[in-house]
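In what follows, a structure is listed as structure tokens, so that the remarks can point back to it.
The values are calculated or read from the model by the stated rules, or taken from the named source; none is laboratory data. Not measured: the values here are computed from a predicted model. In this analysis, Cβ positions are derived from the backbone assuming ideal geometry, glycine residues included, and neighbour counts consider all displayed protein chains. Protein only, heavy atoms only, side chains kept; ligands, DNA and RNA dropped before computing areas. Shrake-Rupley method; radii C 1.70, N 1.55, O 1.52, S 1.80 Å.
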Amino acid sequence: MILTRKWINTKLVLQLFLVVFAIIQFYPLLWLVLTSFKTNIEITGSNVMGLPSKWMFENYKYVFVGSKLGRNFLNSLFYTGITVITSGLLASMVSYAVTRMKWKFSKIVLALFMSGLMIPVHATLLPIFLILKQTHLLNTPWALMIPYTVNAIPPAMFIMVGFFTSLPRELEEASVVDGCNIYQVFFRIMLPLIKPALVSVSIFTFLAAWNELMFATTFINNTNLMTITVAINSLRGLHMTEYGPIAAGMVIATIPTIILYAFLSEQVQKSIVAGAIKG
């Protein structure tokens with residue numbers, strides 16, 4: 001009886017802790033949404049934490065009509081979508097080649113790709129800028145999609161290599177006996193088996209590309225090609241800044257991330273559990 005009471009008390013304390021932790025995690029998002037409907041006077045002093053005294057929908061109207069943030073939002077979706085698809089496909093193919101195929105330089109190639117994890121992104125800014133300038137790719141969508149894809153491949157391979165290594169070879173042998181060629185084995189048999197890893201990699205790549213600011217600021221000067229992060233940053237005024245439209249832009253920029261996680265959170269949890277079991 002005493003043990004049962006202790007167990008119930010421990011469970012209640014744990015649930016209370018999780019509720020408090022969830023509120024702490026959720027409140028910044030709620031604060032951002034409320035701030036996006038406030039005036040500058042409320043944001044900077046008179047009503048920082050509470051509900052807006054007057055709901056300023058004009059902040060969202062200014063973001064969509066007065067600025068080009070809608071176009072920049074679509075630019076970010078396009079760049080990020082291409083990056084997620086391309087990096088996921090390339091990383092899975094290379095991971096499969098270095099883990100499942102027997103060839104002389106597979107370990108060296110794997111080490112070269114993994115060395116990309118140790119290179120700081122900031123150290124690559126100047127070399128990439130010079131390369132893009134020489135190839136006349138500055139101020140084009142390629143100036144962002146290529147670096148984003150290249151930077152996403154090493155961490156993606158880091159996750160996928162473990163999944164490919166854990167798969168039994170009998171699957172490939174049985175597929176070959178049934179008449180599959182190497183491409184059919186990869187796309188029809190092996191790729192669906194690492195779906196949890198693909199989902200996790202896609203989410204991490206999406207977050208990295210969607211929130212990236214340094215490359216987007218340096219490589220793109222054309223306002224029609226800017227990403228949403230650069231567009232939000234450009235809403236700052238020279239002498240005065242309207243924080244309401246900036247908060248509205250940040251809310252809009254957060255929506256795709258929330259939608260993506262809402263649809264794929266279950267797969268991410270399965271991937272984490274599978275990764276923990278595989279060690």
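Quick one: would you say Ser95 is part of a helix (DSSP H, G or I), more than 30 Å from Met226 (Cβ to Cβ) and open to solvent by less than 30 Å² (accessible area, probe 1.4 Å)?
Considered against the rule, which asks whether it is part of a helix (DSSP H, G or I), more than 30 Å from Met226 (Cβ to Cβ) and open to solvent by less than 30 Å² (accessible area, probe 1.4 Å), Ser95 comes out as yes.
Could you list, in sequence order, the residues of region 218-262 that are open to solvent by 70 Å² or more (accessible area, probe 1.4 Å) and over 28 Å from Lys38 (Cα atoms)?
Scanning region 218-262 gives a single hit, Asn221.
Every residue in region 45-80 that is free of Cβ contacts under 8 Å to residues at least 60 places away in the same chain and crowded, with 18+ Cβ neighbours inside 10 Å, please.
Residues satisfying the conditions do not exist here.
Restricting attention to region 211-260, report how many residues are charged (D, E, K, R) and more than 30 Å from His136 (Cβ to Cβ).
So the count comes out to 2.
On the given criteria, is Lys107 of a type in the set (D, E, K, R), closer than 30 Å to Phe215 by Cβ and loosely packed, with under 15 Cβ neighbours inside 10 Å?
Criteria not met by Lys107.
Looking only at residues in region 119-145 that are outside any helix (DSSP H, G or I) and aliphatic (A, V, I, L, M), which one is surrounded by the fewest Cβ atoms within 10 Å (Cβ to Cβ)?
Ile119
Out of all the residues in region 194-211, is one or more in a helix (DSSP H, G or I) and among the basic types (Lys, Arg)?
yes
Is it fair to say Thr4 is β-branched (Val, Ile, Thr), in contact with a helix residue (DSSP H, G or I) (Cβ under 6 Å, 6 or more places away or on another chain) and either part of a helix (DSSP H, G or I) or open to solvent by 100 Å² or more (accessible area, probe 1.4 Å) (or both)?
So Thr4 does not fit the description; no.
For region 225-232, check the following and say yes or no: at least one residue is closer than 13 Å to Thr257 by Cβ, of a type in the set (Ser, Thr, Tyr) and under 13 Å from the mean Cα position of the chain (by Cα).
no
Does Gln267 count as free of Cβ contacts under 8 Å to residues at least 12 places away in the same chain and not small (Gly, Ala, Ser)?
So Gln267 fails the test.
Can you work out which of the residues in region 7-44 that are under 25 Å from Leu235 (Cβ atoms) and among the polar types (S, T, N, Q) is most open to solvent (accessible area, probe 1.4 Å)?
Applying the filter and picking the extreme gives Thr44.
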